[in-house]
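Heads up, the thing below is written out as structure tokens.
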Amino acid sequence: MLLFLVCVVLVLLMASWAWAEDPSPSILSFEVRGGGQDLSPILRIFFLLTFLTFLPALLLCLTSFTRILVVLSLLRQAIGLVQMPPNQVLIGLALILTFFTMAPVWDRIHQEAILPYMEHRLSMEEAVQKAIPPLRDFLLRQTREKDIALFVNLSHAQRPRTPADLPMRILVPAFIISELKAAFQIGFLLYVPFLVIDMVVASVLLSMGMFMLPPVMVSLPFKLMLFVLVDGWYLIVGSLMKSFA
């Protein structure tokens, strides 16, 4: 729902900007500005709507959203809560944390690509080329060299001489599997203390002869108490944010 509202606001802002610039634009018209050929406002809106359809996929593949959401989901399972917090809460928290971690990247893209394009100092192709380096720097920082080498070998491409020569079709899948591995590593560390509590409670119940009482029902309050006493949300969110530094 939050992502849908953001998309609607972006469309309305782009439409109002296009209408204020030219109240009666031609759909197929092209304008020459800043020495280059630019698209009409109607075509800009069309390409914006096309971009918004790919926004969920881009959010999953090019940002920190995947790692954060997987870790939060594993945390919920480790504690033993089936639907608490609800999926909407986890996704909302993951989105907010994603906006926080990706803010420096988006600021660079806005300053180097979007703002010059809106001021007609860059064409659309030049703006796209300017927007790629900040995103590439973020992906390279979070991607293992082993994963990059895997997809370079699978694509049968020449080995890039510099990171700038690495194509996005290789960098993006390498980034995704690196994020999944990092999320599972964090999830394993989260499972260990809660697993110890489950084992202790199960052993105590078995020694007392309470075979019919599910150990999960007894261990859940202790796991919640442990999570609250150590200020679990503070530790987990802080560790997640530091993992992207």
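Filtering A127, A174, A183, A157 for residues that are small (G, A, S) and over 21 Å from L59 (Cβ atoms) leaves a single hit, A157.
For the range 158-194, a tally of residues being in contact (Cβ under 8 Å) with a residue 12 or more places away in the chain and part of a helix (DSSP H, G or I) returns 25.
If you go through the range 195-238 and keep only what is on the phi < 0 side of the Ramachandran plot and not in a helix (DSSP H, G or I), you end up with M208, M210, F211, M212, L213, P214, V230.
Taken together, the residues in the range 212-231 that are surrounded by 14 or more Cβ atoms within 10 Å (Cβ to Cβ) and either under 20 Å from the mean Cα position of the chain (by Cα) or without any contact (Cβ under 8 Å) to a residue 24 or more places away in the chain (or both) amount to 2.
Quick note: the coordinates plus some simple rules give every number you see, no bench work behind them. Please read these numbers as outputs of a predicted model, since none were measured by experiment. Neighbour counts run over all protein chains shown; Cβ positions are idealised from the backbone, glycine included.
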